[in-house]
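Shown next, in structure tokens, is the structure this report addresses.
The values are calculated or read from the model by the stated rules, or taken from the named source; none is laboratory data. A quick note: this is a predicted structure, and the numbers were derived from the prediction, not measured. Positions of Cβ are backbone-derived with ideal geometry, glycine not excepted, and every protein chain shown enters the neighbour counts.
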Amino acid sequence: MVSVLFVCLGNICRSPTAEGVFRAVCEQHGLSGKIRIDSAGTAAWHVGKAPDGRAIAAAKRRGIDLTALRARQVVTSDFSDFDFILAMDQANMNDLERSQPEGCRCQLRKILTYTHTKIAQDVPDPYYGGDQGFEEVLDLLFDAARGLMAEVKTHV
Ligand code: 4NP
């Protein structure tokens, strides 16, 4: 089974949103049972918590339910358990590269390398901003999810 892990800092805003968006896109492609999807944070501050209420509300407006998700921190075994590890921004990427064990064969990339629009390289952290930031996160992640699906489909 192909496996995809989305990673941000806290695992309560961007990466759970990415998880929900990609689950929805997988469902649209009839691939729900064929792709393992998860998310995690590089930091441990919010472990065990549900996604931020603003992330839940923004996703809900687009028909995506994030309420069952709970935050966890990236662990070393993720590097061998997942085929794709997708960082939301350069800081997440740097942290992942530092903790990546030698010889890891996963594809470690920034998620926005899969976008069509290429208007941004990093998914901006919406935590300290307003609701509009969460809409922007969703726009970027829907764009990237389509490109990612095209790539992942070739491995299913
Ligand atoms: P995320 O957003 O990395 O997209 O989940 C953040 C969540 C929490 C914090 C920072 C970013 N924080 O500082 O607690």
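Looking at residue 120, is it more than 20 Å from residue 2 (Cβ to Cβ), among the aliphatic types (A, V, I, L, M) and modelled with pLDDT of 95 or more? No. Checking 59, 87, 91 one by one, the residue that is among the hydrophobic types (A, V, I, L, M, F, W, C), within 16 Å of the ligand (Cβ to nearest atom), within 13 Å of residue 11 (Cβ to Cβ) and at pLDDT 95 or above is 87 and no other. Evaluation of residue 65 against the conditions (1) within 18 Å of residue 136 (Cα to Cα); (2) within 15 Å of the ligand (Cβ to nearest atom); (3) within 16 Å of the chain's Cα centre (by Cα) shows that the sole unmet condition is (2). A count restricted to the stretch 40-76 and to residues that are under 28 Å from residue 102 (Cβ atoms) and aliphatic (A, V, I, L, M) stands at 7. Screening the candidates 24, 44, 18, 50 for the property of being touching a strand residue (DSSP E or B) at 6+ places or on another chain (Cβ under 6 Å), more than 8 Å from the ligand (Cβ to nearest atom) and farther than 20 Å from residue 108 by Cα yields one hit, 44. Restricting the stretch 27-41 to residues that are in contact with a strand residue (DSSP E or B) (Cβ under 8 Å, 6 or more places away or on another chain) and not hydrophobic (A, V, I, L, M, F, W, C), the residue that is farthest from residue 128 (Cα to Cα) is 34. Screening the candidates 7, 74 for the property of being in contact with a Ser or Thr (Cβ under 7 Å, 6 or more places away or on another chain), within 11 Å of the ligand (Cβ to nearest atom) and not aromatic (Phe, Trp, Tyr) yields one hit, 7. When you check residue 38 against the structure, is it under 10 Å from the mean Cα position of the chain (by Cα) and away from the ligand (no atom under 12 Å from the Cβ), yes or no? Yes: the conditions hold for residue 38. The set of residues from the stretch 118-156 being of a type in the set (Val, Ile, Thr) and surrounded by 13 or more Cβ atoms within 10 Å (Cβ to Cβ) comprises 123, 137, 152.
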